[in-house]
Amino acid sequence: MIKKSPLEAWIHQKIFGVAGGALTTAQLEQYQVRQLNAVIAKVKKESRFYREHLKDVEAGAISRIEDMGRLPFTTSKDLFRNPNAFSCVSQQQISRVMTISTSGTTGEPKRIFYTAEDQEATIDYFQHGMTNLACAGDRVLILLPSELPGSVGDLLQKALERLGATGIKHGVVVDPEKVLMIMEKEKANVLVGIPVQILILARYQASLKTFSTQLKSILLSTDYVPRAIVRVLEKTWNCRVFNHYGASEMGLGGAVQCEALGGYHLRESDLLFEIVDSNTGQSVPDGEYGEIVFTSLTAQGMPLIRYRTGDISRFIPQPCQCGTVLKTMDLVIGRRADEISLKSGIILRQGDLDEALFPLAGILDFRTSVTCERRKDLIDIEVNLAKTANVVSLQDMYSALENLPGIKSAIDRNELTIQIKVETERFNRGAAKRVMQHIT
C-alpha cells in the first residue's frame, strides 16, 4: 500500500500547531490567502523593490487564490538588477547569502538572502520530505555542495540527523571511482545528488563491476531530471529513484515525489505555486503545461512575489495514488531557456536531446551549441563517453538524433547539419545546470 505524502501531516501541523487531524483543501487555501496578504504587507513595508513594484496593490487585496493574477510578476532580471533592494531584514539578521552568476549577464550577480529562520524552515522541510526515501538507521551519501555552513548539503545533513539517519557530506562528484569506493566503505544505502553525476556513477559501477553497493533509494535534485537517466539508475541499482524540485530563490526546497512516484507534492505551507502561460502570463487550467511561478509565504529574509522560474510543468488534475489532498505538479519537462527555434521551423529542446542520447551505452554527459550560417542551422554536440569497451557508436548517436521529430527531414532538405565530437571523460560541470548555447 502506498503511504500518503508525509508533507500533508507536516503542513497540517504548521498551519494548526498540533499533530494529527485531517487537512482539507479549503483549510489550506484559507491559510495561503492569510499568508499572502501578510507577506504583501511585509514586503511593501520592508523591501525597496516591492514598495515600488506593488505600489498599486492595496492591503488585503487577495481574498481568494484566483486573485493572484492582480499582482505583477517578479523576474530573475529584477533580482540581478538590484538584489539588495529585495531584502526585508537588516544585514545583521542575514545568516547566509547565496551568490549566483549567469553566463551572459553583466553587472552584479544574483544574490539570495536567508535568515536563520529561513534555513531552519528548509531543514524542517528536508526532514519530513526525506521520509519518503530514508528512515532511521539509513546512511545517506550527499553528493551536493556541502562545504559551507548553510549550503544545501549542510542543511540536508542536519535534517537527516533529526530523522535518525546518517548524512555523509561529500560534495559534487569529481572522481567517480573514488565516490564508489566511499559508497562501499561507508555502507551508503541512499544517494542524493545531481542527475548527470549520479548517472556517471551508474555507468562506472556497471563497467567496473568491482563494487557491490546495494542502494534502496536515490534522490535527484538541483537540475532537470531526464526520464532516461531515471531508467538507467533503476536498472543499475534496482532501487527507487525520487525527484526533488527546488531552487535557491525558494529556499532550496520546493517539492518532492511521494511513494507513488508520480508528480511532486508541494511545500504548500511555505510556497504558493501557479502555472501560467509563458506568453500571456495568464493562469492555465490544470492539466495544461505552462511556466512555474511561485510566491514565498513564510520567508523572512527575501520573500518573492509571483517569481517566474522559467521551468515548464503542469498541475495534474487527477488525485495522487497516495491519497493526499495536496496538489500534484508533474515532473518538470525543461526550461524556457532550453528551447531554441531553428531556421527550419524545428523547436530544439534540451529535454528531447536528453531522452535521445542518455539511453545510449557509455554516454556520461553532453554539451550542445547551435549556430546559424547562411540560413542553415548547425548543431554541435560534444559527447562525454566512458572509457569502456561497451560504448555506443558514433553512427548510433546520429541515428538517435535523426529520430527526433523533424530532424531528418531538415537534414535531407539541407537546412540542418549535426556535428558530434566525442571526448573521453574530459569535462566536469560541478553543480552548474546543463544548458544549450545559442550562438547568434
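Which of the residues belonging to region 153-176 are closer than 18 Å to Val196 by Cα and out of contact with any helix residue (DSSP H, G or I) (no Cβ under 6 Å at 6 or more places or on another chain)? Of everything in region 153-176, those that are closer than 18 Å to Val196 by Cα and out of contact with any helix residue (DSSP H, G or I) (no Cβ under 6 Å at 6 or more places or on another chain) turn out to be Gly153, His170, Gly171, Val172, Val174, Asp175.
Selection of region 1-23 for residues being of a type in the set (A, V, I, L, M, F, W, C) and within 23 Å of the chain's Cα centre (by Cα) yields Leu7, Trp10, Ile11. Taken over region 1-23, residues that are of a type in the set (Val, Ile, Thr) and out of contact with any Asp or Glu (no Cβ under 7 Å at 6 or more places or on another chain) amount to 2.
For (1) closer than 19 Å to Leu233 by Cα; (2) out of contact with any strand residue (DSSP E or B) (no Cβ under 8 Å at 6 or more places or on another chain); (3) at pLDDT below 85, each residue gets a yes or a no:
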{"position": "Glu339", "(1), (2), (3)": "no, no, yes"}
{"position": "Gly345", "(1), (2), (3)": "no, yes, yes"}
{"position": "Ala356", "(1), (2), (3)": "yes, yes, no"}
{"position": "Ile381", "(1), (2), (3)": "no, no, no"}
{"position": "Ser399", "(1), (2), (3)": "no, yes, no"}
{"position": "Ile420", "(1), (2), (3)": "no, no, no"}
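Might you let me know whether region 291-311 holds any residue that is out of contact with any Leu (no Cβ under 7 Å at 6 or more places or on another chain), within 30 Å of Glu423 (Cβ to Cβ) and either surrounded by fewer than 19 Cβ atoms within 10 Å (Cβ to Cβ) or not polar (S, T, N, Q) (or both)? Scanning region 291-311 turns up at least one residue that is out of contact with any Leu (no Cβ under 7 Å at 6 or more places or on another chain), within 30 Å of Glu423 (Cβ to Cβ) and either surrounded by fewer than 19 Cβ atoms within 10 Å (Cβ to Cβ) or not polar (S, T, N, Q) (or both).
Give me the residue from region 29-45 that is of a type outside the set (S, T, N, Q) and buried (at least 20 other Cβ atoms within 10 Å of the Cβ) and, out of that set, farthest from Phe273 (Cα to Cα). By that ranking, first place goes to Val43. One residue alone among Ile333, Ile411 is touching a Gly at 6+ places or on another chain (Cβ under 6 Å) and closer than 26 Å to Ile439 by Cβ, and that residue is Ile333. Taking (1) assigned to a loop (DSSP other than H, G, I, E, B); (2) touching a residue at least 60 places away in the same chain (Cβ under 8 Å) in turn, His128 satisfies each apart from (1).
For the condition within 28 Å of the chain's Cα centre (by Cα), of a type outside the set (A, V, I, L, M, F, W, C) and farther than 22 Å from Gly253 by Cα, Tyr50 qualifies.
Matching residues to (1) at pLDDT below 95; (2) farther than 22 Å from Phe294 by Cα; (3) surrounded by fewer than 21 Cβ atoms within 10 Å (Cβ to Cβ); (4) not assigned by TED's automatic domain parsing to the domain that holds Gly281:
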{"site": "Val89", "(1), (2), (3), (4)": "no, no, yes, no"}
{"site": "Arg96", "(1), (2), (3), (4)": "yes, no, yes, no"}
{"site": "Thr102", "(1), (2), (3), (4)": "yes, no, yes, no"}
{"site": "Gly107", "(1), (2), (3), (4)": "yes, yes, yes, no"}
{"site": "Arg111", "(1), (2), (3), (4)": "yes, no, yes, no"}
{"site": "Asp118", "(1), (2), (3), (4)": "no, no, no, no"}
{"site": "Thr122", "(1), (2), (3), (4)": "no, no, no, no"}
{"site": "Leu148", "(1), (2), (3), (4)": "yes, yes, yes, no"}
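Criterion first (surrounded by fewer than 22 Cβ atoms within 10 Å (Cβ to Cβ) and either modelled with pLDDT under 95 or not hydrophobic (A, V, I, L, M, F, W, C) (or both)) does Arg267 satisfy it? Judged against the criteria, Arg267 is not a match. Might you let me know whether region 135-150 holds any residue that is touching a residue at least 24 places away in the same chain (Cβ under 8 Å) and either among the aromatic types (Phe, Trp, Tyr) or assigned to a helix (DSSP H, G or I) (or both)? Taking every residue of region 135-150 in turn, none turns out to be touching a residue at least 24 places away in the same chain (Cβ under 8 Å) and either among the aromatic types (Phe, Trp, Tyr) or assigned to a helix (DSSP H, G or I) (or both).
Taking helices (runs of 4 or more DSSP H) as the structural unit, no element lying wholly within region 174-242 holds at least 1 residues that are outside the structural domain of Thr131 (by TED's automatic domain parsing) and at pLDDT 95 or above.
Of the residues screened, Val43 is one that is on the phi < 0 side of the Ramachandran plot, modelled with pLDDT of 95 or more and in contact with a Phe, Trp or Tyr (Cβ under 6 Å, 6 or more places away or on another chain). Taking residues in region 54-81 that are more than 18 Å from Gln32 (Cβ to Cβ), and partners anywhere that are modelled with pLDDT under 90, the pairs with Cβ atoms closer than 6 Å and at least 6 places apart or on different chains are Leu79/Lys110; Phe80/Thr105; Phe80/Lys110.
The values are calculated or read from the model by the stated rules, or taken from the named source; none is laboratory data. Here the structure is a predicted model, which is why all the values come from computation and not from measurement. Neighbour counts are summed over all protein chains in view; Cβ atoms, including those assigned to glycine, are modelled from backbone coordinates with ideal geometry.
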